[in-house]
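Student: I am attaching a structure below and will ask some questions about it afterwards.
The values are calculated or read from the model by the stated rules, or taken from the named source; none is laboratory data. Values in this document were obtained by computation on a predicted structure and should not be read as measured data. When we count neighbours, we look across all protein chains shown, and the Cβ atoms used for this are built from the backbone with ideal geometry, even at glycine.
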Amino acid sequence: MSSLFLLYCALLIVMLVGFVGAFVPALPGIGLIVVAILVWTLATGGAIANWALGTAIVALVLSLVVNYAATYLGAKQVGASNWGQIGAVIGLVVGFLGLLPALPVGGPLLGILLGTMLGAFTGEFLYRKDLKIAQRLSFSGKVSIAVVVSSLIGTLLEGLLALSAIVVFIATTWSTVQWPTLSWSAIHLPIG
């Protein structure tokens, strides 16, 4: 098997990890895909992979903008304070690290979701001392839901951008890879 074929397969696995990382905050996302495409471009001297590399870099920049904008605009749309946003970030970290009570289903992903929601709620509740308790609870609940929904939308868009970078890479490089051929005469099956 050629070393370029093995490198291609390894880089596809790295890109798959990057795709998963677009949805899981602890893993690197599109940045990992960009690095994998850059490695392929350097290894092949690749004018062919330049389209894929350009697409991946654009996807990386767009994902940073989209993720930030979705969360920020979603929170600001309902009038969230900085306290609610900071609480959401703290809740995300605490939820991911498992400092929330052990959850029988969902593990860290559910912890991230619940942690973000509880963090945004708590931060906003602490900030809105001027409101009556019922109003504080209602407003803090609205903020926590808006932060989670906008974060999920940003994450979904980041995942789509990561997928597009991978698809462009495969579409532009698949035909250039020397795939090993398997002949039936090379296979020895024990008989009897």
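Student: Looking at Leu157, Leu163, Leu131, Leu113, which is the one that is at pLDDT below 80 and either buried (at least 18 other Cβ atoms within 10 Å of the Cβ) or among the hydrophobic types (A, V, I, L, M, F, W, C) (or both)?
Tutor: Leu113
Student: Then there's this: In the range 39-50, which residue that is in a helix (DSSP H, G or I) and crowded, with 16+ Cβ neighbours inside 10 Å is modelled with the lowest pLDDT?
Tutor: Thr44
Student: Out of (1) farther than 17 Å from Val177 by Cα; (2) modelled with pLDDT of 85 or more, what's the single condition that is false for Gly29?
Tutor: Condition not satisfied by Gly29: (2).
Student: I've got another one for you. Looking only at the range 171-192, count how many residues are exposed (fewer than 15 other Cβ atoms within 10 Å of the Cβ), part of a helix (DSSP H, G or I) and either of a type in the set (Gly, Ala, Ser) or modelled with pLDDT of 85 or more (or both).
Tutor: Counting residues in the range 171-192 that are exposed (fewer than 15 other Cβ atoms within 10 Å of the Cβ), part of a helix (DSSP H, G or I) and either of a type in the set (Gly, Ala, Ser) or modelled with pLDDT of 85 or more (or both) gives 4.
Student: Please go through the range 9-38 and give me each residue that is not β-branched (Val, Ile, Thr) and not in a helix (DSSP H, G or I), ordered by number.
Tutor: Residues satisfying the conditions are Ala22, Phe23, Pro25, Ala26, Leu27, Pro28, Gly29.
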